[in-house]
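Peer 1: Structure incoming, see below.
The values are calculated or read from the model by the stated rules, or taken from the named source; none is laboratory data. Everything numeric here is computed off the predicted structure, so don't read it as measured data. Glycine gets a Cβ as well: all are built from the backbone with ideal geometry, and neighbour counts include every protein chain shown. Keep in mind that these areas ignore ligands, DNA and RNA; they rest on the heavy atoms of the full protein, side chains included. Shrake-Rupley method; radii C 1.70, N 1.55, O 1.52, S 1.80 Å.
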Amino acid sequence: MSIFEAVVLGLIQGLTEFLPISSSAHLRVFAAFFNWPDPGAAFTAVSQIGTELAVVLYFRKRIWAIISVWCRALFDRDLRGDVNARMGWYIIIGTIPIGVLGLLLEDQIEGVFRDLRLIALNLIIFGILLGIVDHLARRQNEIEDLNLKRGLIFGLFQTLALIPGVSRSGATITGGRLLGFDRPAAAEFAFLLALPAVFASGLYKMLDIGGDEYAGWGATIVGTVVAFVIGYIVIAWLMKFISTHSFMPFVYYRIALGLLILGLVFFGALAPEGGAGIG
């Protein structure tokens, strides 16, 4: 992978990771559009470390509160009812499903799940689902209303992100809206919940960088840095946007992109496995 490709893909990663439009789908599809080899699951996972560092920076006060209060609550019973102590446990428990399924479905994630037709269908189907749930949601729960059951349901929805085209943020936010959380609260917990899984996946996939992977270390580092810078800008914008707007613009975009991909595959402009070959 050239440095130019790494910069472009890092830019795409940063732009799409937090928007409910699927960063993994965009990395996969963009490479296919330009007849670049599939950047691979390893590049995708490692570059996401950059965007998660943007989450750490943006939510640094909340994250510090969760870590510090959770640790103190292990020894101080009076702190165990604090929302930050509880969120620490909810994040841990909510991460278990995606950790287990991520290991069980590793071969599928790197193979059949990256078929462009499946990605297109996931963009459309889960986009429509997000739109319906966002429109019908009536209750307006806030972060303080989290409990163990809701935290686990958030985590179950996050597992859908293992399939390219679904969107980690989109799936988890959909779960949050289904539970009645307002948009900023659903987004905030979705981003915080992603931290352990994404960091673990990125560190695990570092072992695959180089070797038979298309992206080497130099390109991966460049892409990760670019993703961090752009990701921070996007997350700051998104949190302001959803405080006064619905998710419908993203729903329309997902449907349009999915239909475009299906059309290009149907008419032979793109192969379903487009960009998959390295030679």
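Yes or no, residue by residue, for (1) in a loop (DSSP other than H, G, I, E, B); (2) surrounded by 24 or more Cβ atoms within 10 Å (Cβ to Cβ):
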residue: I125; (1), (2): no, no
residue: I128; (1), (2): no, no
residue: G131; (1), (2): no, no
residue: R138; (1), (2): yes, no
residue: F157; (1), (2): no, yes
residue: S169; (1), (2): no, yes
residue: A186; (1), (2): no, yes
residue: F191; (1), (2): no, yes
residue: Y204; (1), (2): no, no
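Peer 1: Looking for whichever is at pLDDT below 95, part of a helix (DSSP H, G or I) and out of contact with any helix residue (DSSP H, G or I) (no Cβ under 6 Å at 6 or more places or on another chain) here; the options are L264, L238. Which one fits? Steps first, please.
Peer 2: Working: L238 fails: at pLDDT below 95.
The conditions single out L264.
Peer 1: A follow-up question, please. Which condition breaks for W36 when tested against (1) touching a residue at least 24 places away in the same chain (Cβ under 8 Å); (2) of a type outside the set (S, T, N, Q); (3) within 22 Å of L203 (Cβ to Cβ)?
Peer 2: (3)
Peer 1: Further, regarding this structure: Of the residues that sit in region 220-233 and are β-branched (V, I, T) and surrounded by fewer than 21 Cβ atoms within 10 Å (Cβ to Cβ), which one is farthest from the chain's Cα centre (by Cα)?
Peer 2: Restricting attention to region 220-233, the residues satisfying the condition of being β-branched (V, I, T) are 220-222, 224-226, 229-230, 233.
Checking the rest, the ones that are also surrounded by fewer than 21 Cβ atoms within 10 Å (Cβ to Cβ) come to 221, 225, 229, 233.
On the way: I221: 19, V225: 17, V229: 16, I233: 16 Å.
Here the answer is I221.
Peer 1: Can we say A200 is part of a helix (DSSP H, G or I) and in contact (Cβ under 8 Å) with a residue 24 or more places away in the chain?
Peer 2: On the way: part of a helix (DSSP H, G or I): yes; in contact (Cβ under 8 Å) with a residue 24 or more places away in the chain: yes.
Here the answer is yes, as A200 does meet what is asked.
Peer 1: Also, I was wondering about something else. Of these, L74, L129, L79, L57, which one is over 26 Å from I12 (Cα atoms), touching a helix residue (DSSP H, G or I) at 6+ places or on another chain (Cβ under 7 Å) and at pLDDT 90 or above?
Peer 2: Details: L74 fails: touching a helix residue (DSSP H, G or I) at 6+ places or on another chain (Cβ under 7 Å); L129 fails: over 26 Å from I12 (Cα atoms); L57 fails: over 26 Å from I12 (Cα atoms).
So the residue among L74, L129, L79, L57 that is over 26 Å from I12 (Cα atoms), touching a helix residue (DSSP H, G or I) at 6+ places or on another chain (Cβ under 7 Å) and at pLDDT 90 or above is L79.
Peer 1: Mind telling me which of the residues V46, V69, V56 ends up being of a type in the set (V, I, T) and open to solvent by 30 Å² or more (accessible area, probe 1.4 Å)? Steps first, please.
Peer 2: Working: V46 fails: open to solvent by 30 Å² or more (accessible area, probe 1.4 Å); V69 fails: open to solvent by 30 Å² or more (accessible area, probe 1.4 Å).
Testing whether each residue is of a type in the set (V, I, T) and open to solvent by 30 Å² or more (accessible area, probe 1.4 Å) leaves just V56.
Peer 1: Another question, if that's okay. Condition test on F30, is it open to solvent by 20 Å² or more (accessible area, probe 1.4 Å) and part of a helix (DSSP H, G or I)?
Peer 2: Working: open to solvent by 20 Å² or more (accessible area, probe 1.4 Å): yes; part of a helix (DSSP H, G or I): yes.
When the stated conditions are applied, F30 passes them.
Peer 1: Taking the conditions exactly as written (surrounded by 24 or more Cβ atoms within 10 Å (Cβ to Cβ) and free of Cβ contacts under 8 Å to residues at least 24 places away in the same chain), does F181 satisfy them or not? Talk me through it step by step, then tell me what you get.
Peer 2: Values: surrounded by 24 or more Cβ atoms within 10 Å (Cβ to Cβ): yes; free of Cβ contacts under 8 Å to residues at least 24 places away in the same chain: no.
So F181 fails the test.
Peer 1: Using beta carbons and a limit of 9 Å, which pairs, at least six apart or on different chains, have the first residue in region 4-22 and open to solvent by 30 Å² or more (accessible area, probe 1.4 Å) and the second one among the acidic types (D, E) and in a loop (DSSP other than H, G, I, E, B)?
Peer 2: Matching pairs, first to second residue: none at all.
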